[in-house]
Amino acid sequence: MALFDLPADELRTYRSASVEPEDFDAFWSTTLQEARGHDLDARFEPVDTGLSTVRVFDVTYAGFGGHPVKGWLTLPAGADEPLPLVVEFIGYGGGRGLPHEHLLWASTGRAHFVMDTRGQGSGWGGGGGTADPVGGGPSYPGFMTRGVDAPENYYYRRVFTDAVRAVEAARSHPLTDPARTVAVGSSQGGGITIAVGGLVPDLAGIAPDVPFLCDFPRAVTLTDRHPYREIGLFLQTHRGRSGQVLRTLSYFDGVHFASRGRAPALFSAALEDQTCPPSTVFAAFNAWAHEDRTIEVYDFNDHEGGGSFQEAAKLRWMRSYI
């Protein structure tokens, strides 16, 4: 599809109609406090990968509910002092994959931590290994409506909490520098990155690409592409529950996390993106609170966004921060 969303000049000023819950901060403060009641118990087991330029650790730490969450920590071979740290979150349906899939950031001399996404890792890539042991009420197949009956039950409450704990776990390793930590991710990973940017106050920067999980009221009525379409299909069956569902989603909307962003940010958007429509990305970008923010726009791309061109942009951008 060619350009289908707002004109470029309107994107630059667009603001979401998503209503922020009055208890948004209290909800997340309580959620993270409960998670931190469990020992982080971050364990780093060396892995023999056959790679000679990096060292890889199989990581397990306690996420939401104390549940074990997996990750990979990759360090440049020979590192003997704390390094700048890149924490990465994965797109919808994917998992942490295999260690050799994640070599870019360690190749720049930085430490790299990639979080496995609970319950996912079976849709593409090299798989995942983190279960989601929490049940839920009726939902449409996928993850978007799991526990959507109430904020405390919603799937992404667990994922976003896992992500904050991932930063804490990665920072706990003696060869990472907590003061030089940047969060990155694409699509779902970009949405998680924005949430982390709003929940972790001392990051050095964030870089979300074509982020998902932003501006739910517009997204669920503008695009009929999955994963957002899962919500509409759920409401086709569960008639009359749209108000309740949108209220739950408002606790997880990237727009509200963005208004709490306290780090420099590099976003990206694609103007033909039907999966994460550009107006929903700009809704989060325009709400980002830190004045040092920029966005790369790819005029004729769909959800692949900038691809390797955006990776190059992040490499240039990151030099200024870590």
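The values are calculated or read from the model by the stated rules, or taken from the named source; none is laboratory data. A quick note: this is a predicted structure, and the numbers were derived from the prediction, not measured. Cβ: placed from backbone, ideal geometry, glycine included. Neighbour counts: every protein chain shown. Keep in mind that these areas ignore ligands, DNA and RNA; they rest on the heavy atoms of the full protein, side chains included. Shrake-Rupley method; radii C 1.70, N 1.55, O 1.52, S 1.80 Å.
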Which of (1) surrounded by fewer than 23 Cβ atoms within 10 Å (Cβ to Cβ); (2) in contact (Cβ under 8 Å) with a residue 12 or more places away in the chain; (3) farther than 21 Å from TYR61 by Cα does ARG239 not meet, given it meets every other one? (2)
Could you check, for region 255-278, whether at least one of its residues is among the basic types (Lys, Arg) and either more than 30 Å from ALA312 (Cβ to Cβ) or free of Cβ contacts under 8 Å to residues at least 40 places away in the same chain (or both)? no
Of the residues THR130, THR108, THR30, which is among the hydroxyl-bearing types (Ser, Thr, Tyr) and touching a Ser or Thr at 6+ places or on another chain (Cβ under 9 Å)? THR130
Confirm whether THR74 is in contact (Cβ under 8 Å) with a residue 60 or more places away in the chain and hydroxyl-bearing (Ser, Thr, Tyr). no
Selection over region 100-129 where residues are under 20 Å from the mean Cα position of the chain (by Cα), farther than 22 Å from HIS303 by Cα and surrounded by fewer than 22 Cβ atoms within 10 Å (Cβ to Cβ) yields a count of 3
What number of residues within region 39-78 satisfy the criterion of being open to solvent by 20 Å² or more (accessible area, probe 1.4 Å), modelled with pLDDT of 95 or more and not in a strand (DSSP E or B)? 15
Given the options ARG229, ARG218, ARG260, name the one that is open to solvent by 10 Å² or more (accessible area, probe 1.4 Å), not polar (S, T, N, Q) and not in a helix (DSSP H, G or I). ARG260
Any residue that is open to solvent by less than 10 Å² (accessible area, probe 1.4 Å) and under 20 Å from PRO201 (Cβ atoms) - is there at least one of those in region 14-22? no
